[in-house]
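The values are calculated or read from the model by the stated rules, or taken from the named source; none is laboratory data. Note that the structure is predicted; figures quoted are calculated from it, not measured. Cβ coordinates were reconstructed from backbone atoms using ideal geometry, including for glycine residues, and neighbour counts include every protein chain displayed.
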């Protein structure tokens, strides 16, 4: 995993303050969501309280999204690139979609070959979800959402138009049959806080597409958009192709076979996070061992290292922080698989962990689907 830092104009004090606030806010949201989820599971869908609880959870998710947007702002110039399979990334994104109650036909057509790009998986997933979210929003009464991946050759004329070098690229196309946009709206969609929906001015204004374009451009790619009123919209994410191979994993079945045989060591000094994480891991079929400190984690790992497939490790802990614990774990097993779990921006300690072989990071508060995708990505790739 390679760390790339672009020019950063955000003062360190502002970044530290923002990260701290977001961390504490996300921990609070995680606790509230856990209680709300327990309430939802204890009432029937016919109960009048059910829809109120569901709305509470929706608001919690929206609050977490807004908090993490602040992290995106301070982290926009931080990239942790690795070789990623675009088809797998798209599959994971599609699996995470909540389509309940939506009259949407989903059509996913993935290239039969593995399409590898050198990119920051978290950032590219953010781009995908921003565009898909906008596509679903454009079809409130239903429609068709199509997602296509393919390799394309960009030659001189097209390269000049896009501002790219000639070569082979990965193209991810997301098409909706929604309201579409006229030329004036189309020219403004990447502006910060722009919304084409003036009838609902409080909704759907943000920085999603603004960040998406900058992220793709920082990966030496481009976003191409076509739209027509009352017809629909097409977004194409074009990224340099690193390599392509035959897909040995065209179905997800083989991945799921291992889920019931893996053991996770979950390390966090916050008992509430341990409780939530334990529930998530067990619901996904993993066996779980918990540790409330770095020293306890080391003791457990020395004794049970042959049984533990992966460690989920908190960064901010008393006595031994995440980096110190990680380095000690690597002395026991140089090939250990560790996933960093943090509510902060990726600071110097986190960067050092990633440089030293940490397999990735997960921002708090995470849900079971996000955890599932990250664990599967590390354990089965």
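Scanning the stretch 37-51 for residues that are within 15 Å of residue 279 (Cβ to Cβ) and at pLDDT 85 or above yields a single hit, 39. In summary, helices (runs of 4 or more DSSP H) completely within the stretch 101-196 and bearing 3 or more residues that are in contact (Cβ under 8 Å) with a residue 60 or more places away in the chain and farther than 17 Å from residue 91 by Cβ occur at 121-137.
Among the residues making up the stretch 326-361, those that are out of contact with any helix residue (DSSP H, G or I) (no Cβ under 8 Å at 6 or more places or on another chain) and either in a helix (DSSP H, G or I) or not assigned by TED's automatic domain parsing to the domain that holds residue 273 (or both) are 327, 330, 331, 348, 351, 354, 355. Any residue that is part of a loop (DSSP other than H, G, I, E, B) and more than 23 Å from residue 94 (Cα to Cα) - is there at least one of those in the stretch 362-378? No, the stretch 362-378 contains no residue that is part of a loop (DSSP other than H, G, I, E, B) and more than 23 Å from residue 94 (Cα to Cα).
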